[in-house]
Amino acid sequence: MQDAIARFSVGRVTRFYVPLLLQGFSQSLTYPLVAGIVTHGAFGVNGLTAFSQGLMIMFMIGAIGGGLVTTGLVFAKTWFGYVSFRRLNGLMALVLLSVQAIVALPPFDGWIFEGFFGLPPELAAVSRRILLGGLVMNFGFFLRNVPVVVLFNRFESGKANNATLARIVLTVALTAVLPRFGYVGPEWGLWALTLGVWLETFITWLYARPYVAELSGRTAPDPVPPSALAGGVSMTSLLVEQFRFTMPLALGGFLLACSPLVIAAFVARSADPTDMLAIHYVSIGVANPVAFAALRLQTVAVKFLPEYPGDKRLLAYAVVAGLLLGLGPLLFATPWVGNWYFGTFQNVPARILPTARLAIGLYAFICVIHAVRARIEGIAAARKRSDAVMCGQIAYTVALLVACSVLLPLGVPGWLMAVLAIHAGPIAVTATVYGRLRKTRFLL
């Protein structure tokens with residue numbers, strides 16, 4: 001069966017979601033892990049700021065392809081749809097990686113890192129090198145899209161998670177080994193991340209190969225000629241249909257990825273910007289893994305749609321899952337864990353250590369918001385309402401911009417401004433997508 005009907009039960013949902021949760025958590029966990037390599041370099045904790053802002057631009061560009069996995073979940077259920085999706089993924093990778101290479105070169109790098117972010121020249125140079133070196137890692141992410149879609153469509157999220165666990169194990173090992181030999185700083189942090197991503201991509205492909213061979217309708221040669229037909233639909237027309245579906249998600253994802261840039265620009269203009277940016281980056285590095293784990297409920301919602309009017313079982317599941325995930329940030333807010341992680345591992349100065357712990361404690365509830373948001377976005381994607389998802393993500397960016405614009409003149413500390421804005425964003429997403437779908441009376 002290529003697309004078995006998924007009936008809701010707590011056991012079925014949990015068996016599908018837990019591997020996704022672990023995957024989302026462990027994937028984003030690699031970034032704060034390598035901070036232990038980055039912050040012990042010549043620039044200290046300021047090196048993490050430059051490293052993060054280089055990656056931020058890379059993720060912003062890559063986010064234009066952020067809707068590709070969701071597109072594959074909807075369209076790549078047959079061999080014909082799979083081949084079309086694979087081509088779309090390859091074309092978008094070629095274009096977006098070219099854009100990444102261009103913006104890493106003069107004069108664009110100076111405009112972005114010295115002009116927009118206000119980094120001093122030595123840190124701007126670090127950000128530029130990270131952005132350019134990140135081409136290899138970003139290419140690995142694009143290649144991974146295709147096998148991940150195959151595994152998710154076969155409800156084999158556990159196998160995708162195994163590949164991610166291999167990535168995290170390798171990253172942990174490199175984080176422990178490299179500093180012992182003096183291999184520290186932003187470039188070595190990027191190297192550790194990239195090696196892990198390519199290991200994950202390779203393992204994911206190995207897992208997916210048998211399922212690709214079993215896709216229904218695989219009677220045509222590979223590659224399928226562009227003029228080939230399946231059920232009266234040409235390869236070219238299907239490619240265009242998938243592109244039209246993914247572009248609203250792409251635009252929304254791009255705006256979503258711009259949000260950290262918006263926050264960083266405002267925080268950099270608050271009082272004590274160096275300390276405020278350091279607090280923001282080290283605390284969001286802990287909050288992001290659990291937030292991304294909560295967002296994996298979007299894939300669950302695509303596969304476990306409401307079965308009758310008023311079916312709120314997955315919504316209740318999302319709230320409970322979000323509350324449990326929120327215990328993670330609370331743990332890092334305690335002196336025992338927080339002082340070690342922020343003070344020893346992340347090399348955060350003692351003067352801002354209590355504030356960093358407070359910031360991560362305030363992020364605890366963000367997991368519930370993201371889980372509820374993910375559920376309604378998944379429903380919208382499954383109903384091919386990518387326009388609703390795009391509108392929600394536009395609302396996310398607008399909410400961040402409005403929150404920061406209001407809080408900065410009031411003299412709110414930069415780290416608190418970031419926390420409040422990051423909470424406002426997903427709330428705006430959820431309200432907007434709900435509003436769009438209710439107009440068409442979909443089962444929610």
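Okay, here's what the table says:
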{"read-out": "Rounded tilt (10° steps) of 235-267 against the dominant C-alpha axis of the chain", "value": "20"}
{"read-out": "FRET efficiency, 1/(1 + (r/R0)^6) with R0 56 Å, evaluated for residue 214 and residue 336 via beta carbons", "value": "0.65"}
{"read-out": "Residue order for 308, 207 - accessible surface, 1.4 angstrom probe, largest first", "value": "308, 207"}
{"read-out": "Rounded FRET efficiency, nearest 0.05, which uses the C-beta distance separating residue 383 from residue 243 and R0 of 22 Å", "value": "0.70"}
{"read-out": "Distance-filtered residues of the range 155-185 - backbone nitrogen under 20 Å, label point 7 angstrom along residue 206 Cα→Cβ", "value": "156-174"}
{"read-out": "Tilt relative to the chain, helix 414-438 - C-alpha long axis, 0 to 90 degrees, to 10", "value": "20"}
{"read-out": "Cα gyration tensor, the range 268-322 - rounded (a/c under 1.5), prolate or oblate", "value": "prolate"}
{"read-out": "Solvent-accessible surface ranking, highest first, for 10, 412 at 1.4 angstrom", "value": "10, 412"}
{"read-out": "Proximal charge balance of residue 426 [Cβ under 13 Å; K/R count +1, D/E count -1]", "value": "+1"}
{"read-out": "Built amide H within the under 5 Å cut-off of residue 78, gap 5+", "value": "none"}
{"read-out": "Computed label-point distance, nm, for sites residue 111 and residue 344 using a 7 Å Cα→Cβ extension", "value": "4.6"}
{"read-out": "Carbon and sulfur %, accessible surface of the range 354-427 computed with the full protein complex present, 1.4 Å", "value": "77"}
{"read-out": "Per residue solvent-accessible surface (Å²) - the chain, probe of 1.4 Å", "value": "40"}
{"read-out": "Rounded D (µm²/s) - the chain, Kirkwood Rh over Cα pairs, Stokes-Einstein at 25 °C, 0.890 mPa s", "value": "110"}
{"read-out": "Folded to 0 to 90 degrees: helix 353-362 orientation relative to the chain principal axis, Cα", "value": "30"}
{"read-out": "Alpha-carbon Debye profile of the range 31-71, log10 I(q)/I(0) at 0.17, 0.18 Å⁻¹", "value": "-0.54, -0.57"}
{"read-out": "Hz values of 3J(HN,Hα) by residue in the range 274-285 - Karplus curve (6.51, -1.76, 1.60), Gly and Pro given as x", "value": "5, 5, 5, 5, 4, 4, 4, 6, 6, 6, 5, x"}
{"read-out": "Residue order for 311, 275 - accessible surface, 1.4 angstrom probe, largest first", "value": "275, 311"}
{"read-out": "Residues residue 176 and residue 135, FRET efficiency given R0 of 22 Å [Cβ-Cβ distance, rounded to 0.05]", "value": "0.25"}
{"read-out": "Among 138, 125, 113 - extreme Cα towards positive end, dipole of the range 1-146, charges at beta-carbon", "value": "138"}
{"read-out": "Exposure of residue 122 as accessible area (Å², to 10), given a probe of 1.4 Å and all protein chains", "value": "100"}
{"read-out": "Stretch gain in nm, segment residue 94-residue 319, where the contour uses 0.36 nm per residue and the Cα spacing is subtracted", "value": "77.1 nm"}
{"read-out": "Per-residue SASA entry for residue 187, accessible area with 1.4 Å probe, Å² rounded to 10", "value": "80"}
{"read-out": "Heavy atoms of residue 438 accessible to a 1.4 Å probe, total area in Å² rounded to 10", "value": "140"}
{"read-out": "Dipole in debye (nearest 20) - the chain, about Cα centre, beta carbon charges: Lys, Arg +1; Asp, Glu -1", "value": "1280"}
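The values are calculated or read from the model by the stated rules, or taken from the named source; none is laboratory data. In this text the structure is predicted, and so the values were computed from the model without any measurement. Cβ atoms come from the backbone with ideal geometry, glycine included; neighbour counts cover every protein chain shown. SASA here: full protein model, heavy atoms, side chains in, ligands and nucleic acids out. Shrake-Rupley method; radii C 1.70, N 1.55, O 1.52, S 1.80 Å.
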